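Some notes on the structure that comes next.
The values are calculated or read from the model by the stated rules, or taken from the named source; none is laboratory data. If you're wondering where the values come from, they're calculated on a predicted model, not measured in any experiment. Neighbour counts are summed over all protein chains in view; Cβ atoms, including those assigned to glycine, are modelled from backbone coordinates with ideal geometry. Accessible surface is based on the protein model in full, side chains and every heavy atom, while ligands, DNA and RNA are left aside. Shrake-Rupley method; radii C 1.70, N 1.55, O 1.52, S 1.80 Å.
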Amino acid sequence: MSVAYARQEEWSIPQLYHLPAAKLDPFLNKLKENYTLIGPVVKGKEFVFAPLSDPGELSLHYQTTLLPPKKVLHLPFEVLFSFHEDQQIIETAQEQQQQIIFGIHPCDVHAIAILDKAYTAEYPDPYYIAKRRNTLLVALNCSEPGENCFCQSLGTGPELKDGYDLLLTDLGNGYLLEVGSPRGRELVQVMDLAPAPRVAMVEKQKVLDNARRKFQKKLNTQDLPGILEENFRQPIWEELMHECLACGSCTMVCPTCFCYNVVDKIDLNLKSGKRQREWDSCMLLEYAQVALGHNFRKDRDARVKQRIYHKLVYYEPQFGTLGCVGCGRCIHTCVKKIDITDVISRLRGE
Amino acid sequence: MFNPFKPERAIIKDIIKETTDTTTYTFSFLDEGVRREFRFRPGQFNMLTIFGIGEAPISISSNPAEPETFQHTVRHVGNVTKFLSKMQPGDIVGIRGPYGTGWPLDVLPIKNLLIIAGGIGLAPLRPVIHEVIDRRPEFGQVEVLYGARTPAELLYPAEYEAWRQAGISLLLTVDAVPSGTAWEGQVGVVTDLFRQMSSRPGETAVFTCGPEIMMSYVVKGLLARGFKPEQIYVSLERRMNCGVKKCGKCQIGPKFVCRDGPVFAYAELLTLPEEVLGGAVR
Ligand SMILES: Cc1cc2nc3c(=O)[nH]c(=O)nc-3n(C[C@H](O)[C@H](O)[C@H](O)COP(=O)(O)OP(=O)(O)OC[C@H]3O[C@@H](n4cnc5c(N)ncnc54)[C@H](O)[C@@H]3O)c2cc1C
Ligand code: SF4
Ligand code: SF4
Ligand code: FES
C-alpha cells in the first residue's frame with residue numbers, strides 16, 4: 001500500500017494561480033471551514049507548527065521550526081489500544097479529521113515522503129496511514145534559507161518539484177500557487193482566483209535562484225556511503241563521543257526519524273489500561289538495552305555513529321533514499337554544536 | 001485496515017517447569033479462525049503481551065506441524081517474563097506473530113545439519129529438531145551440540161532419547177556440576193565439544209543460537225575448522241518493540257533483525273559495519 005499523492009503527469013494541465021497577499025487570510029478562512037489548519041506560528045524567538053485558530057497567527061516568513069510537522073502524523077505519544085480486566089482489547093478509533101499542513105517547506109515534504117515509505121511498506125501502520133490519508137500539504141518554496149539549512153546539497157530544496165497538493169512561492173506582491181494533485185485542485189476551488197500570468201514562472205525562478213545563492217552550509221554527497229563505510233573506525237568518532245552528551249535532541253527534532261518505544265499504562269482503577277507508543281532515540285542509552293542489563297550500543301560513539309550512518313548510509317538500502325533532507329534542525333538544537341555537515345567534511349579531510 | 005500491533009488473545013493450556021528460571025508454556029488462540037490460520041516456521045518468534053506489563057519477543061519452541069497449540073520456552077529475567085511465571089493454566093495473554101525469517105531449512109539444499117545451542121538458545125532450535133525428525137530421510141548426518149550452566153539447567157531432557165532414536169547425534173556439556181549432582185558427561189563450554197563432534201564442513205549447514213559471546217566463540221572455532229561464513233547461521237537477539245519493521249529498535253546497519261532476521265548467515269553479518277558477535281571474531 002502506498003499513500004497516494006498524484007504526480008503532475010498523472011492528470012492534465014498543471015494549473016497556476018495568482019494568490020494576492022490580501023486574499024491569503026480569506027483563503028485560509030475558507031479552508032478552515034472544512035479542515036484543521038496547521039501552520040508555522042511564532043513561539044518566543046522561534047517558530048513551531050501549531051493548529052491555527054485564527055489565520056492571522058500564520059507566519060509564512062519562517063525559516064525553520066523547532067519540531068518538524070512530522071509530529072501531526074507520527075505523534076510524540078500515541079495510544080495504540082486499550083485493554084480491560086477481561087483481557088478484551090479495544091482499538092482506538094482511527095478516524096481522523098481532515099487536516100492541512102499549510103506552509104510546509106520542501107525539506108519537510110521530502111521527509112514525509114520518506115516516512116510514507118517507512119510506515120507503509122510491509123505491515124502498513126494503520127495509525128500513521130489514517131492520519132496521512134487525511135492530511136493535505138500546502139507547501140511553500142523557500143526564499144530565505146536559514147543559517148543551518150543544506151537542502152540544496154541533497155536536492156530536497158529550496159524548490160519543491162513533487163509531493164505537494166498545493167505549492168506556494170512568495171513573489172513579493174502575492175503568491176504563485178501551483179496545483180499538484182486532484183485534492184489540491186479542490187482546495188483552490190473554494191476561492192475565485194485568477195490564473196497566474198506566464199511570467200510568474202520566470203519570477204519564481206528568480207526568487208529561487210536568489211535563495212540558492214544564500215546557502216551557508218553544504219554537504220558533499222559524492223560517494224557518501226563509501227566514505228562513511230571506509231571510516232567506521234576513524235578517530236573522529238572518539239572525539240565526537242567526548243563532545244556529544246547523548247541527550248537525543250538531534251533525533252527528536254529530525255523530520256525523518258521514526259523510532260519509537262512502547263509502554264503499557266495502567267489506569268487508576270487498576271482494571272484497565274492502555275498501550276502507548278512514544279518517540280524514542282538511538283542516541284539514548286536505553287534504546288539498545290535488553291534484559292539483564294545487556295546493551296548493544298553501550299558506548300556513546302556507537303550511538304553517535306548509529307544516527308549518522310542511519311541517515312547517510314542505511315536509509316538508502318532500507319527505503320531507497322538518503323535519510324537526511326538537510327533541514328538543519330539537528331545542528332540548530334545541539335547544545336554542543338555538533339554539525340552533521342562538519343562531521344562529513346572532517347571525514348573527507350576538508 | 002489490518003492492525004499489526006493488536007495482539008490476539010491466547011489461553012495458557014499447559015505449563016512445564018524446565019529449570020529453576022525457565023518454563024515452557026503451551027498456548028492456543030481463543031479465536032477459532034486465528035487458531036486455524038496460524039502457521040509458523042522453525043526459528044520464527046511471536047510478540048507476547050501481558051496486558052499492563054508489556055510485550056516481549058519470544059521464539060516458538062514447538063513442532064511446526066502442530067500449530068494449533070504451540071509452545072514458548074521462557075526464561076524469567078524481567079518484567080514480562082517474570083510476570084508470566086506467576087500465571088496459571090487458563091490465564092489469558094496476548095500473542096501476535098509469527099515474525100521473522102526463521103532457519104533456512106527449505107531455502108538451502110541442506111544435506112547435513114549441525115546444531116549448536118547454549119542455554120535458552122535451544123528453544124528456537126527445537127522446532128528444527130522436530131521438523132528434521134518428521135522429515136528424517138531428507139537429511140544426512142544431524143548432530144546437536146548443547147551446553148548449559150549445570151545438568152539441572154539442560155532444557156527438554158525428556159526428549160533426548162527420542163532425538164537419539166531418530167538418528168540425531170546429541171553431545172551435551174555443562175559449565176559446572178554442583179556437588180551432589182550426578183553427571184557422567186562432559187564439563188566445559190560448548191566449543192569443547194568440537195573435539196568430539198563428527199560434523200565436517202562438506203555439505204553441512206550450521207545453525208547456532210545462544211548468548212552472543214558463546215556464538216562468537218562458536219563461529220571462531222568453526223571457521224578455524226574450515227567451515228565457511230556462508231554455511232553458518234546465527235539467531236540474534238535485539239531490543240524489539242514491534243516485530244514488524246516500524247519501531248526501529250532492532251536495527252543493525254540497514255537490517256531490521258525482526259524482519260530480515262533474527263536468523264542471519266554469518267557471511268551476511270560480515271557485510272555490516274557494526275560489529276555483531278561481540279567483536280570476538282574480528
Ligand atoms: C527474536 C528473539 C527471540 C527470543 N526468544 C526467546 C525465547 O524463546 N525465550 C526467552 O526466554 N527469551 C527469548 N528472547 C529474549 C526475550 O525477548 C527477553 O528476555 C525479554 O524481552 C525480556 O523482557 P522482560 O520484560 O521480561 O524484561 P525487562 O528487562 O523487564 O525488559 C522489558 C523491555 O524493556 C527493555 N529494558 C530493560 N531495561 C530497560 C531500561 N533500564 N530502560 C528501558 N528499557 C529497558 C528490555 O530490553 C525489554 O525490551 C528472545 C529475544 C528475541 C529478540
Ligand atoms: S539529520 Fe539533521 S539536517 Fe538531516 S533531516 Fe535530520 S534533523 Fe534535518
Ligand atoms: S535509528 Fe536513530 S537516527 Fe535512525 S530513525 Fe531511529 S532514532 Fe532516528
Ligand atoms: S522490532 Fe521494531 S523494527 Fe524490528
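Rounded to the nearest 10 degrees, the inclination of helix B:212-224 to the longest alpha-carbon principal axis of chain B is 30 degrees.
Antiparallel beta bridges, as assigned by DSSP with both residues in chain A, represent about 75 percent of the total such bridges. Give me the one-decimal nm value for the distance between modelled label points at A:GLU286 and B:LYS220, 7 Å along each residue's Cα-to-Cβ direction. The answer from the label model is 3.4 nm.
The phi torsions of segment B:81-97, fed into the Karplus equation with coefficients 6.51, -1.76 and 1.60 and a -60° offset, translate into couplings of 5, 6, 5, 4, 5, 8, 8, 10, x, x, 6, 10, 10, x, 9, 9, x Hz, rounded to whole numbers, with Gly and Pro shown as x. Spatially close Lys pairs in segment A:237-350, defined by Cα atoms under 26 Å apart and a spacing of eight or more places or different chains, total 8. Annotation for segment A:299-350 versus segment B:99-133: alpha-carbon center distance of 39 Å.
Summing charges over all other residues whose Cβ lies under 12 Å from the Cβ of B:LEU114, with Lys and Arg as +1 and Asp and Glu as -1, gives +1.
For chains B and A, what's the summed buried accessible area, probe 1.4 Å, to the nearest 100 square angstrom? So the total buried area for this chain pair works out to about 3900 Å².
Residue by residue along A:256-268, Cβ atoms of other protein chains within 10 Å of the local Cβ number 4 on average. Excluding same-chain neighbours fewer than eight residues apart, the lysines reachable from A:LYS204 by a Cα-Cα span under 17 Å are A:LYS161, A:LYS214.
Taking each residue of B:246-259 in turn, how many C-beta atoms of other protein chains fall within 10 Å of its C-beta, and what is the average?
On the way: counts 14, 7, 11, 11, 2, 7, 4, 8, 9, 3, 2, 0, 1, 3.
Taking all residues of B:246-259 together, the mean is 6.
Taking A:LEU24, A:LEU166, A:LEU66 in turn, the Gaussian network model of chain A (Cα-Cα springs below 10 Å) assigns the largest fluctuation to A:LEU24.
Provide the percentage of antiparallel DSSP beta bridges, counting only those with both residues in the protein assembly as shown; round to the nearest 5. Of those bridges, close to 65 percent are antiparallel. Counting only other chains, what is the mean number of Cβ atoms within 10 angstrom of the Cβ of each residue in peptide A:303-310? The mean count of partner-chain Cβ atoms within 10 Å per residue comes to 2.
Its relative contact order, with pairs defined as Cα atoms under 8 Å and 6+ residues apart, puts chain A at 22 percent.
Please give the peptides B:31-38, B:200-207 ranked by average Cβ packing (other Cβ atoms within 10 Å per residue), highest first, as a rough proxy for protection. The partial results should precede the final answer.
Values: B:31-38: 13.1, B:200-207: 17.6.
Put in order of decreasing packing, that is B:200-207, B:31-38.
If you restrict to DSSP beta bridges whose two residues both lie in segment B:112-269, what percentage is antiparallel, to the nearest 5?
15 percent
Specify the inter-centroid distance of segment B:182-232 and segment A:171-202, based on alpha-carbon positions, in whole Å. About 69 Å separates the Cα centre of segment B:182-232 from the one of segment A:171-202.
Below 8 Å, C-alpha to C-alpha, sequence gap of six or more: please give me the relative contact order for chain B in percent.
On the way: 589 pairs, mean separation 49.0, N = 282.
Relative contact order comes out at 17 percent.
Mean sequence separation of contacting Cα pairs (under 8 Å, at least six apart), scaled by the length of segment B:112-269, corresponds to a relative contact order of 22 percent.
What is the packing order of peptides B:79-91, B:215-227, taking the mean over residues of other C-beta atoms within 10 Å and listing the highest first?
On the way: B:79-91: 14.4, B:215-227: 18.7.
Those peptides, ordered most packed to least, come out B:215-227, B:79-91.
Each of A:HIS84, A:TRP279, A:PRO68 was scored by the projection of its Cα onto the charge dipole of the protein assembly as shown, and the greatest displacement toward the positive side belongs to A:PRO68; charges sit on the C-beta of Lys, Arg, Asp and Glu. GNM on chain A, alpha-carbon springs under 10 angstrom: the most fluctuating residue among A:LEU136, A:LEU28, A:LEU292 is A:LEU292. Peptides B:253-266, A:331-344 ranked from most to least packed give B:253-266, A:331-344, packing being the mean of other C-beta atoms within 10 angstrom over each peptide's residues.
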